[in-house]
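Contents: one structure, followed by commentary.
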Amino acid sequence: MQLIGMLDSPYVRRVAISLQLLELPWQHLPLSVFRNMPEFRQINPVIKVPTLVCDDGELLMDSSLILDYLERLVPAERRLLPEALPARQHALHGVGLALAAMEKAVQAYYECNLRPAEARHAPWLERVAEQLNGACTLMENHLQRHAPQVDKLDQATLSIAVAWRFIAERAAEHVAADAYPALRAWSRQAEAHPAFLAFPFD
Ligand SMILES: N[C@@H](CCC(=O)N[C@@H](CS)C(=O)NCC(=O)O)C(=O)O
């Protein structure tokens, strides 16, 4: 299996860290969807990351679909999403918040860095920033309710940590960092985990 994409994408990073925790054999091909478009196009004309090239050559896209597939390759006790309710419901809640935070942070970053200044639409950016802070508030509440443990990472807690790191690196100006002490503390702990250290934000 080959995971394509750079670790500055929170979606790629959540898959890379998950692959490591699931202890699956895989290779990383860190192509950029912007700088390496010609090579990327040859592999996947959709030019989206993460892209997973399965062992039979089939392409999978979308981090959650990729993770759904990967979880089926390992025994139940090694999976990162709990099977039983209500733990699965709580984990899906956390994953959904992390994905929303990633999406809004990526949109804010693209708006401010890809779009020419004269074409930026301030009301759109304000809306995205409000949504981003909404997701951060709910992630903060989630961490306070379900105290995460770094030696028991699951898909929710790892994705929340990956989302916060991306926000801190790429969208910090859109969030009130002081408002999210649990997120900052959890990020510090998670980033010290060997799987996070092996696939650092790049
Ligand atoms: N829902 C997707 C989002 C993936 C996504 O937005 N990837 C971005 C990079 S962070 C991308 O491929 N951007 C290039 C583009 O959309 O043109 C997932 O979970 O994988």
Please give the contour-minus-distance gain from H28 to L197: 0.36 nm per residue of separation, less the Cα-Cα distance, rounded to one decimal in nm.
59.3 nm
Expressed as a whole-number percentage, the relative contact order of the range 87-193 with C-alpha contacts under 8 angstrom and at least six residues apart is 40
May I ask you to derive the relative contact order of the range 2-78, considering only C-alpha pairs under 8 Å and at least 6 residues apart, and to give it as an integer percent?
35
Full extension between R188 and A172 adds, at 0.36 nm per residue less the Cα distance, a length in nm of 4.2 nm
Please sort 156-166, 17-27 by packing, taking for each peptide the average over its residues of neighbouring beta carbons within 10 angstrom, highest first.
156-166, 17-27
For the range 2-78, with equal point scatterers placed on the C-alpha atoms only and solvent neglected, what are the log10 I(q)/I(0) values from the Debye formula at q = 0.12, 0.22 1/Å, to two decimals?
-0.30, -0.96
Among I43, W26, Y110, whose Cα projects farthest towards the positive end of the dipole of the chain, with charges put on the beta-carbon of Lys, Arg (+1) and Asp, Glu (-1)?
Y110
Gain on full stretching of the segment that runs from C54 to A84 - 0.36 nm per residue minus C-alpha separation
8.0 nm
Take the Cβ-Cβ distance between A147 and I43 as r, set R0 to 35 Å, and report the resulting FRET efficiency rounded to the nearest 0.05.
0.30
Using alpha carbons only: equivalent-ellipsoid semi-axes of the chain, gyration tensor based, whole Å
25, 24, 14
Per-residue [θ]222 nm for the chain (sum of -39500 (n - 2.57) over DSSP H runs n ≥ 4, rounded to 500):
-18000 deg cm²/dmol
Note down the nm distance, to one decimal, between modelled labels 7 Å out along Cα→Cβ at L125 and at N113.
1.4
Checked against the positive end of the charge dipole of the chain (+1 on Cβ of Lys and Arg, -1 on Cβ of Asp and Glu, about the Cα centre), the farthest of A163, A195, A84 is A163
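Since every read-out is calculated from the coordinates, none of them should be taken as a lab result. Since this is a predicted model, take the numbers as computed values, not measurements. Note that we place each Cβ from the backbone using ideal geometry, even for glycine, and neighbour counts take in every protein chain shown.
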